[in-house]
Amino acid sequence: MKSPKTLLAVAALCIVAAFGASCGSSPSSNSQTHQPPPPVVIPPTGTNYTTCTDLNGNNQAVPNWQSSLFINNYQPAIKALVSHYQGNASVQYIRVGLGRGGEINLPTGWNDSSSGACYGGFTTNWKYTVGGDSSFTWNAYLQSMVQFEAPLSSSAQPLLVSITPVNGTSANVVPDFIAPLAVSNGLSYGNQGLQASDIAGIASLSCGADWCGLFASVHPQVAELQTLGQSCPTGTSCVNNLSALTGPLDPLLPVAIQGGANDIEIYTADWEIAYDPTNSLNPSVGAPYSAAIAAASVSAHMQVLFPDPNDSAVASYLIPNAVVTGAVIQVDWSDFDLGNGNYDFTITDAAIAPWVNGGKKVALVLQNTTYGAGSCGSGGSGLGSNGQTGTGNCAMPPYMWTLLK
């Protein structure tokens, strides 16, 4: 659900054959002849942004999502993204991040008085509240954004919203609020937290974020599930805490299908365990993993989550694989919004090109704030390279920090 929503290096060569004029012109055609501007360090707090910590305890500037300055610039960017790929049959759906990552979450510490500037922004200054209906400010913001997206979504290319539980609240309060709201407005929804505990919870429809109960009561056109983290195969050491909570992949996928999922997003590392013969875990775990994936593919689209374009195994073993429906591609707001109403989709077009050229579908996940802090480039070509150095949040266009200060 969280990792690896940190930066990926995405090659950004414009594939003219695949996208033609949609690639647009380079925003800085003379960038090689000029020195990049010096890094700008964003102060800890502004009028409509503050500093919270990311998953690794690093400082990260995060916006006041409820501010009209944020909303009035983010909504046109959403509309521009949808318009650019409208009618492109290779784009299966677009999930729009309304909070942190491609989800609806708030930073850890937003309502914790010991978090300093994070609490001072969200609770003290901006009066954020979260609950089960639109009388709470975060819910009201989510509702307004879902209603904005409604006319942009279509059955041919639906928009999705996350039902991630929001930090600092009862687990299912916001999912139970936003899922029926999404469906009533013509949107689909999904949970980015499929995990081992759902195996026991499926019988009583008590899965994480209430996804199995919600799929049963208000089933969306795209019922999407993403594993919480990279899986932890039986008999191996888990790579991190999220991996430990996710558990082995092979018993988890049948639960996703049983619960009504028709679109499943799996971390690249797990695909490679299943299908890359050079992977160290393939000899011992590859057979049960590939069997589970193949069985699930009968009922659901099976997608590679945030593939690294520099990973040779992706090109060799995943793109040509008939079981692989396609890929989930991260799109940072800063990748295409140059400010002043100017949008350039070169970076995103290039990221999806290998998959489209391989006959696959792609799903796009728009982020305005990453989960993990990272360094940004200036006038570069990869994912997040247009972001503002010194913020720890490469997904936000540089001009937004000026507006929000």
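The values are calculated or read from the model by the stated rules, or taken from the named source; none is laboratory data. If you're wondering where the values come from, they're calculated on a predicted model, not measured in any experiment. Cβ sites come from the backbone with ideal geometry, for glycine too, and all protein chains shown count toward neighbours.
Name every residue in the stretch 255-281 that is touching a Pro at 6+ places or on another chain (Cβ under 8 Å) and in a helix (DSSP H, G or I), in order of residue number.
Thr268, Ile273, listed by residue number.
Of everything in the stretch 226-254, what is aliphatic (A, V, I, L, M), under 12 Å from Leu194 (Cα atoms) and not in a helix (DSSP H, G or I)? Give them in sequence order.
Correct list: Leu228, Leu249.
When the residues of the stretch 282-297 are filtered to those that are in contact with a Ser or Thr (Cβ under 9 Å, 6 or more places away or on another chain) and surrounded by fewer than 18 Cβ atoms within 10 Å (Cβ to Cβ), which remaining residue is nearest to Tyr93 (Cα to Cα)?
Per the criteria, the residue is Ser297.
Give Ser114, Ser83 a once-over and let me know the one that is assigned to a helix (DSSP H, G or I), without any contact (Cβ under 8 Å) to a residue 24 or more places away in the chain and under 22 Å from Ile329 (Cα atoms).
Ser83
Let me confirm something: among Ser197, Ser217, Ser206, Ser188, which residue is more than 20 Å from Val166 (Cα to Cα), of a type in the set (Gly, Ala, Ser) and either at pLDDT 95 or above or over 20 Å from the mean Cα position of the chain (by Cα) (or both)?
Just one listed residue meets the conditions, Ser217.
What is the number of the single condition among (1) among the small types (Gly, Ala, Ser); (2) buried (at least 18 other Cβ atoms within 10 Å of the Cβ); (3) in a helix (DSSP H, G or I); (4) touching a residue at least 40 places away in the same chain (Cβ under 8 Å) that Ala216 does not meet?
(2)
If I ask for residues that are under 20 Å from Gly109 (Cα atoms) and in contact with a strand residue (DSSP E or B) (Cβ under 9 Å, 6 or more places away or on another chain), which ones from the stretch 120-145 would you list?
Those that are under 20 Å from Gly109 (Cα atoms) and in contact with a strand residue (DSSP E or B) (Cβ under 9 Å, 6 or more places away or on another chain): Gly120, Gly121, Phe122, Asn125, Trp126, Leu142.
Filter the stretch 376-405 for residues that are closer than 13 Å to Ala61 by Cβ and hydroxyl-bearing (Ser, Thr, Tyr); which is surrounded by the most Cβ atoms within 10 Å (Cβ to Cβ)?
Thr391
Which ones in the stretch 141-185 are within 27 Å of Ser90 (Cβ to Cβ), in a helix (DSSP H, G or I) and either more than 18 Å from the chain's Cα centre (by Cα) or among the β-branched types (Val, Ile, Thr) (or both)?
Residues satisfying the conditions are Val146, Phe148, Ala150, Pro151, Leu152, Val183.
Listed here are the residues, each with its yes/no results for (1) touching a Cys at 6+ places or on another chain (Cβ under 7 Å); (2) crowded, with 17+ Cβ neighbours inside 10 Å; (3) among the small types (Gly, Ala, Ser).
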site	(1), (2), (3)
Leu81	no, yes, no
His84	no, yes, no
Arg95	no, yes, no
Glu103	no, yes, no
Gly121	no, yes, yes
Ala150	no, no, yes
Ser154	no, no, yes
Ser162	no, yes, yes
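Could you tell me which numbered condition Gly247 fails, if it satisfies all but one of (1) crowded, with 22+ Cβ neighbours inside 10 Å; (2) on the phi < 0 side of the Ramachandran plot?
Result: Gly247 fails condition (2) only.
Name every residue in the stretch 303-359 that is crowded, with 16+ Cβ neighbours inside 10 Å and out of contact with any helix residue (DSSP H, G or I) (no Cβ under 9 Å at 6 or more places or on another chain), in order of residue number.
Residues satisfying the conditions are Gln303, Thr325, Val328, Trp355.
Can we say Gly358 is within 30 Å of Ala89 (Cβ to Cβ), out of contact with any Ser or Thr (no Cβ under 9 Å at 6 or more places or on another chain) and modelled with pLDDT under 95?
Taking the combined requirement at face value, the residue does not satisfy it.
For the stretch 309-328, give me each residue that is in contact (Cβ under 8 Å) with a residue 40 or more places away in the chain and part of a strand (DSSP E or B).
Gly326, Val328 - these are the residues of the stretch 309-328 that are in contact (Cβ under 8 Å) with a residue 40 or more places away in the chain and part of a strand (DSSP E or B).
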